[in-house]
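Notes follow once the structure below has been shown.
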Amino acid sequence: MKRLFFLLLLPLIQCCAVSEPTDGLKDAYKDCFKIGVAVNNRNVQDPDQIKVVLREFNSITAENAMKPQPTEPRKGEFNWEDADRIADFCRQNGIRMRGHTLMWHNQIGTWMYQDENGNLLSKEEFYANMKHHIEAIVNRYKDVVYCWDVVNEAVADSPLAPGAPELRDSPMYRIAGEEFIYKAFEYAHEADPEALLFYNDYNDAEPEKSQRIFNLVKRMKDAGVPVDGIGMQAHYNVYGPSMKEVDDAINLYSTVVKHIHLTELDIRVNEDMGGGLRFNQGKATVADWEKTLQQDQYVQLFKVLRKHKDVIDCVTFWNVCDKDSWLGVRNYPLLFDENYKPKQAYLAVKGFDPKMDNVVIAEDFKPSELNQPGQEYPMVNSQGYARFKVIAPKATSVIVSLGLGGSGGTVLHKAEDGSWMGTTDGPMDEGFHYYHLTVDGGVLNDPGTNNYYGSTRWESGIEIPAHDADFYAMKNVPHGKVQQILFWSNSTNQVRVAWVYTPADYDKTKKKYPVLYLQHGWGENEYAWWNQGHANLIMDNLIAEGKIQPFMVVMTYGMTNDVRPGGAGLRSFNYKDFETVLCDELVPFVDANFRTIAKKESRAMAGLSMGGMETHSITLARPEMFGWYGLLSGGTYNPEEVQGTGVKGIFIGCGSKEGPDQIRNAAKKLQEAGYNAKGYVSEGTAHEFLTWRRCLLEMAPMLFVK
Ligand code: XIL
């Protein structure tokens, strides 16, 4: 139902695009670390792109312009144009730069390490080349560059053959062995003793490679080499690395250096990682579930990074938006889409709550009360967190549609035993929630729980125990009946179903009863109100406590499931067909077959969400039928429209998370106009069933009271 609520609002809020931010990631993270970005030429010349860069970031890396080949393509021939442009942009805007990179086996002129015949140079010649290159560039930018990636990607990838060297077999390595790395750091330090000097590499959280990176830097430290930090490139993807791997790597690195930077962060939506890439250029077609995986990976990563803010002092994204990305837009890797618009994931990364970072989740999880017999999961704890476990050994992704504000859910992770487990990122609202699983893009129910009809299908349900759950608890009180009735409908030419609640004393007396016709919402059906709504238990308890005079409740299908959600579908919904079924077929059938008080004053109609819209339309169209009206998260009445209807009482209610002022204002206006009206707001709930259970509790006592 949450979904419908948003869909109902859709025409009003013009789709769910993230609006233009007024401040940036750098502001959200000012107490943690700098937020950097790698820029190309266009990023620092186009006014719109400049706007994004200056709003979001407070550290800049030149994506290519300061690399060895672009700055010195041939020995002694320097080309500073692009690097100067970016450096000047930073100088003008007071932004300090990460320098990238002094020594790398890629994007380097071959003159650095070999002669015209392709023979490797002597160690002395190579060192002389390296020294003059490093001196030239470090000196030129020392006023604006505060740290350098001195050596890039010198450690060998996994898997490493037994006995193979831990370092990459590059020309530099072949000439000088590990020593060339030491020398590069020494030359950089001589040129700018103030600059922080980094060793930078990818697959930085992969356990074996991170150990080799650590080993290298440890040897450098032991040898007195001026290395200050480790750069984790962080070219990750939505499936990995695991946050434990990232956490372990940072812990390991922080035992040998005081500074860790994430230098080239992006999270692509496929399984590629690190060095060996398949470039996916072209138009992006990224499914919602992949976006959820990406958002979760970003959110979890930043949570780990915040935990390590003492040692992490800069996190740099590799490019501004997906269009700029070295990976191409189809990899969808950044927080800004191909049009420089922030993604939902941007909001999630930016909108973190520092208090939630330190929350200790109480390990008192118990099976949800809606679980199928003998099923342990899903579980719920005393704080309202939900924990899920799904057996799907061959799956590559499992997402639960609950949790994580606005993003699509809780991403489960594979445990050692092949099961998938995960806990919601925060406490859920109290009460009942529909949910489903998305396994590798396919939508399924959770075999652990019972199913409840919502979103036009039988979905999984979970119940977060509410503090006031007593009013719908199944207690040792006299219970009424919920019975199925089948009635012939001429207008639809079929037998139709309704469920009728008769109070406990119905069978013992000859009394006649008032009747409430109670409607479900858009994606639900005639089961919803007594199944997940517990309407019968709410009635039983109210009657047992003497809080209401007994009345009947009739629940039938409101013919809403076929309506296309969204603006146009909803606006053109024709409630007339249902009005005919209800007023001309069902009401007469109920009056003929039950001991009802068959008159307007003893007949009420109420509905939740779209059932409220139906109620609104039908009560006003047929004022002779109903004397009491109720809208539950389903709009309001105004005094003008109910004028002349002879209405006896009006109830309007909603959850506190649904814009409750409308309800309060409308109730006040009705009261001021002299109507018997009640407005009610359910605290701490949204467009979900706990709101409507409480609404029934609040509405029932006012109905049929003379
Ligand atoms: C990439 C640039 O983004 C591309 O434009 C260029 O064609 C290749 O290099 N690791 C690094 C970066 O250290 O310098 C690389 O940048 C990406 C991988």
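The values are calculated or read from the model by the stated rules, or taken from the named source; none is laboratory data. Computed from a predicted structure; not experimentally measured. Using ideal geometry, Cβ is built from the backbone for each residue, glycine included, and neighbour counts are taken over all protein chains shown. Just the protein is used for accessible areas: all its heavy atoms, side chains included, with ligands, DNA and RNA removed. Shrake-Rupley method; radii C 1.70, N 1.55, O 1.52, S 1.80 Å.
Assorted remarks:
- The Rg/Rh ratio of segment 283-388, with Rg taken over Cα atoms and Rh as the Kirkwood radius over Cα pairs, comes to 1.10.
- The value given for segment 646-703 is a Kirkwood hydrodynamic radius of 11.5 Å, derived from the mean inverse Cα-Cα separation.
- Taking segment 601-702 and dividing mean pair separation by its residue count, relative contact order in percent (alpha carbons under 8 Å, at least six apart): 23
- Of the residues P503, S572, G94, the one whose Cα sits farthest toward the positive end of the charge dipole of the chain, with +1 on the Cβ of Lys and Arg and -1 on the Cβ of Asp and Glu, is P503.
- The DSSP beta bridges internal to the chain are antiparallel in roughly 45% of cases.
- Translational D in µm²/s for segment 159-208 (Stokes-Einstein at 4 °C, 1.567 mPa s, Kirkwood Rh from C-alpha pairs): 99
- Anisotropy class of the chain from Cα gyration tensor, a/c 1.5 cut: prolate
- Charge dipole of the chain about the Cα centre (unit charges at C-beta), most positive-ward option of A466, A164, Y680: Y680
- Working value for segment 359-510: equivalent-ellipsoid semi-axes of 35, 22, 13 Å, each the square root of 5 times a Cα gyration tensor eigenvalue, largest first.
- Gyration tensor verdict on segment 498-571 (Cα atoms; rounded if a/c is under 1.5, prolate if a/b is larger than b/c, oblate otherwise): prolate
- Working note: Cα gyration tensor of segment 440-517, eigenvalues times five, square-rooted, sorted largest first, giving semi-axes of 31, 25, 10 Å.
- Basic side chains Lys and Arg get +1 at the Cβ, acidic Asp and Glu get -1 at the Cβ, and with that the dipole of segment 354-422 about its Cα centre reaches some 200 debye.
- Share of pairwise Cα-Cα distances greater than 20 Å in segment 177-241 is 33 percent (whole percent).
- Structural descriptor for the chain: relative contact order 9 percent, calculated from alpha carbon pairs under 8 angstrom and at least 6 residues apart.
- Full extension of the segment from D417 to D591, taken as 0.36 nm per residue of separation minus the current Cα-Cα distance, would add 56.7 nm.
- Helix 661-672 and the long axis of the chain differ in direction by around 30°, with both axes built from C-alpha atoms.
- Given +1 at the Cβ of Lys and Arg, -1 at the Cβ of Asp and Glu and no other charges, the dipole of segment 135-282 around its Cα centre is 100 debye to the nearest 20.
- For the Cα trace of segment 97-209, dividing Rg by the Kirkwood Rh returns an Rg/Rh value of 0.98.
- Seen against the Cα atoms of the chain and their longest principal axis, helix 47-56 is set at about 80 degrees.
- Working from the Cα coordinates of segment 19-159, the gyration tensor eigenvalues give, after taking √(5λ), semi-axes of 33, 16, 13 Å in decreasing order.
- When the Cα positions of T285, N200, F704 are compared along the charge dipole of the chain, F704 comes out farthest toward the positive end, with charges on each C-beta of Lys, Arg, Asp and Glu.
- K75 versus N490: modelled label distance in nm, points set 7 Å from Cα along the beta carbon direction: 10.3
- Taking a ≥ b ≥ c as the square roots of the Cα gyration tensor eigenvalues, segment 587-703 comes out oblate, since a/c reaches at least 1.5 and a/b does not exceed b/c.
- Summarised in one figure, the compactness ratio Rg/Rh of segment 460-583, Cα atoms and Kirkwood Rh, is 1.02.
- Its relative contact order, with pairs defined as Cα atoms under 8 Å and 6+ residues apart, puts segment 197-241 at 57 percent.
- For the chain, a crude dipole built from +1 on the beta carbon of Lys and Arg and -1 on the beta carbon of Asp and Glu, taken about the Cα centre, is about 2580 debye to the nearest 20.
- Filter on K244/K657; K221/K350; K414/K657; K547/K668 - keep pairs with C-alpha separation over 27 Å: K244/K657; K221/K350; K414/K657
- Whole-number accessible area per residue in Å² for the chain, which is evaluated in the context of all protein chains at 1.4 Å: 41
- Acute angle (nearest 10 degrees) that the helix 81-93 long axis makes with the longest principal axis of the chain, alpha-carbon atoms: 60
- Considering helices alone, the calculated mean residue ellipticity of the chain at 222 nm is -8500 deg cm²/dmol, with DSSP H runs of length four and up weighted by -39500 (n - 2.57) and normalised per residue.
- When the trypsin sites (Lys or Arg not before Pro) in segment 39-148 are filtered for DSSP coil states and for at most 12 other beta-carbon atoms within 10 Å of their beta-carbon, the remaining sites are K75.
- Segment 312-376 and segment 196-243 have Cα centres lying 24 Å from one another.
- Working from label points 7 Å from Cα in the Cα-to-Cβ sense, the E178 to L444 distance is 4.9 nm.
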